Amino acid sequence: MKSTKVNVVESGIDSGKPIRGPSAIEYDQIGTKSAQELLYESASESNYKKAEEKWAKFVTKIKEEGLRRHQIEKLIKCLDEQKQWSALHYAVFNNNLFVTKILVGARYIHDDKPYKCDLNVLGGNGENVLHVAAQSNPLWSHQKEPTRTSQIYTSDAYRNIPDVVKILVDSTRFDQKIDINHQDDEGRTPLHLAVMANRLAFVEYLLERKSRVEIKTKLNANVFHFMFIRCDPIQSSHDLQTMFNRLCAGMNDEKKPALFQSRTLDNRSPLVFAVGHPHCPESIIRQLAEYNDDNSQLILAFDTVAKRRIRNFDVLKPLLKRFEREISYQNELVQVVCRHDYIQILQWLLSNKYITCKF
């Protein structure tokens with residue numbers, strides 16, 4: 001499966017508020033460029049040779065301005081005004097291996113120490129470079145995701161990790177390691193964003209390096225909420241099942257109930273998010289339903305399906321059996337569906353043997 005352009009199409013928690021894209025600054029059109037501008041221009045370059053050439057111009061400018069060591073270090077970690085990103089953020093987003101190596105300290109150049117960047121430098125939204133990597137289309141556009149489930153647990157999956165990411169996470173720097181569990185201003189970790197963007201290889205890579213599945217955002221959403229947020233291209237049933245299986249494999253059974261039952265601040269469990277995805281397989285609905293014994297969540301699930309005009313009603317069958325002896329909840333269920341004027345699901349609901357209420 002080839003990972004292509006990812007654009008979230010929902011809003012609020014369902015959108016995940018994707019990290020901003022490349023800088024809007026037109027660096028190439030600037031007349032007299034400062035060292036700072038040349039640094040961002042070099043970091044934003046996706047072509048290796050051009051990045052090397054632009055970096056040379058940056059170094060020349062530093063010498064011309066006579067910048068001292070502490071001034072260079074300050075320049076490297078400085079955030080730009082428009083996007084609030086550092087040079088390392090731009091280099092990672094644009095899959096700029098040349099500049100990333102220099103900033104991480106993985107590439108030897110003459111007197112390179114002043115150019116080393118803090119691996120955990122944060123952008124204006126509190127995001128580190130792994131948050132940026134999770135949402136970068138340029139970084140993943142040439143990578144192939146595992147096509148078989150067995151590949152996810154082998155070295156084949158690691159071949160699809162961009163070198164830029166490997167340099168960051170597996171850095172041999174003795175002074176620091178990148179924080180793969182860092183939460184941005186909304187409480188999202190790189191794992192949340194990798195799951196949301198359907199980057200299976202990256203999810204596997206992060207989990208193998210002890211990324212924590214149980215972390216929740218400030219809206220109290222966990223990774224199982226994020227995996228059902230639609231992206232572009234939208235996830236297939238196979239994508240969702242594979243991602244679900246991998247996330248479950250990344251935690252012990254004791255954590256499942258808490259994560260499957262966990263609700264966002266607007267009272268929605270992963271089950272409610274799951275039924276709102278048009279391609280969610282019934283097997284996932286069944287597993288999530290086993291851990292949700294609160295009928296209010298089942299009502300919300302049907303409300304979501306009716307509101308979003310989801311056509312695949314059959315995935316809701318595991319939920320209906322729970323209403324067989326609950327006449328009062330059956331009435332509420334029908335009323336909720338009627339509220340959205342979705343005649344098809346109402347007909348399907350009333351024709352089901354588990355719904356016996358009379359009107």
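The values are calculated or read from the model by the stated rules, or taken from the named source; none is laboratory data. Keep in mind that what you see is a predicted model, and the values were worked out from it rather than measured. All Cβ positions, glycine included, derive from the backbone under ideal geometry; neighbour counts span all protein chains shown.
Computed quantities for the displayed model
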{"quantity": "D28, sole failed condition from (1) at pLDDT 85 or above; (2) part of a helix (DSSP H, G or I)", "calculated": "(1)"}
{"quantity": "Qualifying positions in segment 191-231 - closer than 16 Å to R159 by Cα, of a type in the set (K, R) and surrounded by fewer than 24 Cβ atoms within 10 Å (Cβ to Cβ)", "calculated": "R209"}
{"quantity": "Checking V275 against (1) surrounded by 17 or more Cβ atoms within 10 Å (Cβ to Cβ); (2) of a type in the set (A, V, I, L, M, F, W, C); (3) within 19 Å of P190 (Cα to Cα), the condition it does not meet", "calculated": "(3)"}
{"quantity": "Enumeration of residues in segment 52-76 that are crowded, with 16+ Cβ neighbours inside 10 Å and among the charged types (D, E, K, R)", "calculated": "K54, K61, E73"}
{"quantity": "Single match in N252, N295 (criterion: polar (S, T, N, Q), surrounded by fewer than 17 Cβ atoms within 10 Å (Cβ to Cβ) and touching a helix residue (DSSP H, G or I) at 6+ places or on another chain (Cβ under 7 Å))", "calculated": "N295"}
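Yes or no, residue by residue, for (1) within 16 Å of H182 (Cβ to Cβ); (2) touching a Ser or Thr at 6+ places or on another chain (Cβ under 6 Å); (3) of a type in the set (S, T, N, Q):
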position: S211; (1), (2), (3): yes, no, yes
position: I215; (1), (2), (3): yes, yes, no
position: V223; (1), (2), (3): yes, no, no
position: R230; (1), (2), (3): no, no, no
position: Q235; (1), (2), (3): no, no, yes
position: Q241; (1), (2), (3): no, no, yes
position: R246; (1), (2), (3): no, no, no
position: A249; (1), (2), (3): no, no, no
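Per-residue answers, yes or no, for (1) under 34 Å from the mean Cα position of the chain (by Cα); (2) part of a helix (DSSP H, G or I):
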site	(1), (2)
K255	yes, yes
F260	yes, yes
L265	yes, no
A289	yes, yes
K307	yes, yes
K317	yes, yes
S328	no, yes
E332	no, yes
L349	no, yes
